[in-house]
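Here, each number is a calculation from the coordinates, and none is a lab measurement. The structure displayed is predicted, hence computed values, not measured ones.
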Amino acid sequence: MPESNNRQDSVRHYIKRDTAQARAYSQAVITEGGRIVWLAGQVGAADASGKSLAGDFEGQVREIFSRLGQTLEQMLIPLSQVGQYVV
């Protein structure tokens, strides 16, 4: 059975940073018509000052959530409004 032709096309906005683009992905994609934000590629190998976080799981998690928060701030969305995390 063919898909319905009544489906609205979604509008997408991309958050692109040089480091992500060098690896061919976007930090975030926002789809309108439900306002879903897809985040990708957040890693915590080093903190903001460049200090390695190898072997520091809690430090890596803090750094990842800090980076998630920074990306969401660009879209004027507070981290507290995130409804679901999938890891």
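Derived scalar couplings between HN and Hα for the stretch 73-82 equal 4, 4, 9, 6, 10, x, 3, 5, 9, 6 Hz in order, rounded to whole Hz, by the Karplus curve 6.51 cos²θ - 1.76 cosθ + 1.60 (θ = phi - 60°), x for Gly and Pro.
Length gained on full extension, Glu73 to Val11, computed as 0.36 nm times the residue gap minus the Cα-Cα distance: 20.3 nm.
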